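Below: one structure in structure tokens.
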Amino acid sequence: MIICRTITELKEQIGLLRKKEKSIGFVPTMGYLHEGHASLLRYSAEDNDATVLSIFVNPLQFGPNEDLDRYPRDEKRDLALAEECGTDIVFMPSVQEMYPAKPLTTVIVNQVTDRLCGASRPGHFDGVGTVVSKLFHLVQPDKAYFGMKDAQQVAVIQQMVNDLNFPVDIIPCPIVREPDGLALSSRNVYLNAEQRQQAVVLSQTLEKASDWLKEPGMTVERLLARVKVQIDKAAETAIDYAELLYYPSLQPPAANAPINTLNQPLILALAVKFGATRLIDNRLLHANEVNVHVQNDDEVKAAPGNRY
Ligand code: AMP
């Protein structure tokens, strides 16, 4: 496994791969790797000749009061896990290397960023779009792997790739969870024992909601009201958002629409604060009159070309 800390070193390695006509899979991360990241690396290693992992805590995507300074890091453990997952190249640049000066060119994706994390973290997706564009240009991947844990991010990146003709296939991959259902996240280390127990309410509520939406006459607003009551029952939580939207457009259906008349894929997305720690989770749902069907993980892991 080759470690590149500079753009020059990375370009040299990518040049060698391209010369040998090797296909490149890419997994961008902020490090402090867990089994969620590992699953993306394994998918990539399976599908491509070479896998490139980037580890970069991107200051551009953090707001002024967010956790940039205390974002967890463990380089040694990250490298060991990356190697175990078949990674060929790790790109781990410094902030100075990626942004020698404040960039005057940024990538802003509209509309799909209006709600959810785009609304509660202003500027977040501008930072994501900008860094992912830079990384795509540097790594030149054939395929890039993103977790559906950050479903809005997948929609934003896919939109950017479509609009700007990046020559890369975006591969959305299923959410990896703890045995009790909590979605793995680098931020889970911030939780104390009590908050860790409470946090399971996210996945439990998503699970329950996938049954509730099958009830005859269930509307968007009734479902969301029930979701909020369920989350509020877990003490010490503050709901940032709980929304049911079309996916991947992330536009809202009418609040009074009976869910079984909505003939497009939907996402139920949650962001909840446990103490100072904000966690997100979501579930893709497909509801229609004929057949109410909740997508399973295999269906979520899309084939190249983006099948939601
Ligand atoms: P991050 O390091 O948080 O920026 O995440 C890097 C990538 O890993 C993103 O594509 C995330 O969606 C993905 N990821 C994070 N947590 C999970 C998870 N629990 N399951 C699957 N993918 C994940």
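The values are calculated or read from the model by the stated rules, or taken from the named source; none is laboratory data. Remember, it's a predicted structure, so these values are computed and weren't measured experimentally. Methodologically, a virtual Cβ is constructed for each residue, glycine included, from the backbone with ideal geometry; neighbour enumeration extends over all protein chains shown.
Within the bounds of segment 175-182, is there any residue that is assigned to a helix (DSSP H, G or I) and within 24 Å of S39 (Cα to Cα)?
Within segment 175-182, none of the residues are assigned to a helix (DSSP H, G or I) and within 24 Å of S39 (Cα to Cα).
Does Q140 meet the test of being surrounded by 16 or more Cβ atoms within 10 Å (Cβ to Cβ), within 14 Å of the ligand (Cβ to nearest atom) and among the polar types (S, T, N, Q)?
No: the conditions fail for Q140.
While we're on this one: Could you pull out the residue among A254, A193, A225, A235 that is more than 19 Å from the chain's Cα centre (by Cα), modelled with pLDDT under 95, surrounded by fewer than 18 Cβ atoms within 10 Å (Cβ to Cβ) and not β-branched (V, I, T)?
So the residue among A254, A193, A225, A235 that is more than 19 Å from the chain's Cα centre (by Cα), modelled with pLDDT under 95, surrounded by fewer than 18 Cβ atoms within 10 Å (Cβ to Cβ) and not β-branched (V, I, T) is A235.
Sort out for me the helices (runs of 4 or more DSSP H) sitting completely within segment 39-136 that have 1 or more residues that are without any contact (Cβ under 8 Å) to a residue 12 or more places away in the chain and surrounded by fewer than 17 Cβ atoms within 10 Å (Cβ to Cβ).
Answer list for segment 39-136: 75-84, 95-98.
Provide a single number: the residues in segment 137-169 that are assigned to a helix (DSSP H, G or I) and among the acidic types (D, E). Reasoning before the result, please.
Quick first cut of segment 137-169, residues assigned to a helix (DSSP H, G or I) only: 137-139, 148-164.
Now restrict to residues that are among the acidic types (D, E): 150, 163.
Of the residues in that region, 2 qualify.
Which residues, taken from segment 3-36, are among the β-branched types (V, I, T), closer than 23 Å to F146 by Cβ and touching a residue at least 40 places away in the same chain (Cβ under 8 Å)?
If the condition is that a residue be among the β-branched types (V, I, T), closer than 23 Å to F146 by Cβ and touching a residue at least 40 places away in the same chain (Cβ under 8 Å), then I3, I7, I14, I24, V27 are the ones that fit.
Return the total of residues in segment 32-52 being among the hydrophobic types (A, V, I, L, M, F, W, C) and more than 10 Å from the ligand (Cβ to nearest atom).
3
Filter segment 207-241 down to residues that are assigned to a strand (DSSP E or B) and touching a helix residue (DSSP H, G or I) at 6+ places or on another chain (Cβ under 7 Å) and give me whichever is nearest to A193 (Cα to Cα).
This residue is T237.
In segment 2-31, what residues are away from the ligand (no atom under 16 Å from the Cβ) and either modelled with pLDDT under 95 or hydroxyl-bearing (S, T, Y) (or both)? Explain how you work it out, then say what you get.
Kept after step one, since they are away from the ligand (no atom under 16 Å from the Cβ), are these residues of segment 2-31: 2-24.
Hits for segment 2-31 are T6, T8, S23.
What's the number of the only condition in (1) at pLDDT 95 or above; (2) more than 16 Å from the ligand (Cβ to nearest atom); (3) at negative phi; (4) of a type outside the set (A, V, I, L, M, F, W, C) that N65 fails to meet?
Every condition holds for N65 apart from (1).
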